[in-house]
1. Sort out which residues of the stretch 36-69 are open to solvent by 60 Å² or more (accessible area, probe 1.4 Å), touching a strand residue (DSSP E or B) at 6+ places or on another chain (Cβ under 8 Å) and within 13 Å of VAL85 (Cα to Cα), and write them in order of number.
2. How many residues are more than 20 Å from PHE37 (Cα to Cα) and open to solvent by less than 80 Å² (accessible area, probe 1.4 Å) when one looks only at the stretch 88-102?
3. Output the number of the condition that ARG189 fails; it satisfies all remaining conditions of (1) over 21 Å from ILE69 (Cα atoms); (2) without any contact (Cβ under 8 Å) to a residue 60 or more places away in the chain.
4. Would you mention how many residues in the stretch 98-132 are modelled with pLDDT of 85 or more and in contact with a helix residue (DSSP H, G or I) (Cβ under 8 Å, 6 or more places away or on another chain)?
5. Considering the stretch 145-166 alone, what residues qualify as being farther than 20 Å from PHE78 by Cα and crowded, with 17+ Cβ neighbours inside 10 Å?
6. Of everything in the stretch 76-87, what is loosely packed, with under 15 Cβ neighbours inside 10 Å and at pLDDT 80 or above? Give them in sequence order.
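The values are calculated or read from the model by the stated rules, or taken from the named source; none is laboratory data. Small disclaimer: the values here were computed from a predicted structure and weren't measured. As a convention, Cβ positions derive from the backbone with ideal geometry for all residues, glycine included, and neighbour counts pool all protein chains shown. Keep in mind that these areas ignore ligands, DNA and RNA; they rest on the heavy atoms of the full protein, side chains included. Shrake-Rupley method; radii C 1.70, N 1.55, O 1.52, S 1.80 Å.
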Amino acid sequence: MVERDLAKVEVAGPSPVFRSFLGETYTKNMNLYLRYFDKETLVHNVDEALDFLHSIPEIGLDADMEADIRDYVNNDIFFPKKYKVRSRVYFIIIKTTAETMQDFKDKKAVRGGTTNNNSQENKEMNNPIATSLTEETAGWYEGELDFKRVVMIPATGKHEYRDTHFVADVKAMSGQDCYNRIVEHLRERVDNRSQFPSSKGKNFHFRYLGRWR
């Protein structure tokens, strides 16, 4: 059963579904970290990044990919981007204020690393958010989701990502079911390149409102 009754949606402007905003994240003076397996570098502009990628023959950098990389670097998009080389093989580009490779790795470490003392299964079992997500209680849930929505800029005809906040009341069996229904609803209404967060991350929140009638 797919619930289409997504009531109580936050509204702003002419859009009846979305309340969106583009954060003031500037990419000027941003450096670029690139990694492909054990090959990595930190460069200061897109031309240096492309030189690094051209130096790795198996990536097979073509004109379309090069144009997309230039567009990504020139846009006010701060999140990392993965490029597919072949099935399950990617290279990644990360915008950063770090000036050197060591500075980049130090900043990454400060933001929090991961330990290998516990298996992923044990981490999820000990995670109260993950546990509450799967608790089954039928009723109404209020779900809040922050995701990256692809929109076209009419003035240029180009596309960019917009930070979008979506709130809805959903009939569901659990927090995870609430998340699944919201994402399914949105996937049918936004550009398929839009990016959705994990249900276990900080960009999804829910609360149980009560039994449905």
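1. GLU58
2. Counting residues in the stretch 88-102 that are more than 20 Å from PHE37 (Cα to Cα) and open to solvent by less than 80 Å² (accessible area, probe 1.4 Å) gives 2.
3. ARG189 satisfies all of (1) over 21 Å from ILE69 (Cα atoms); (2) without any contact (Cβ under 8 Å) to a residue 60 or more places away in the chain except (2).
4. 1
5. PHE166
6. Hits for the stretch 76-87 are PRO80, LYS82, LYS84, ARG86, SER87.
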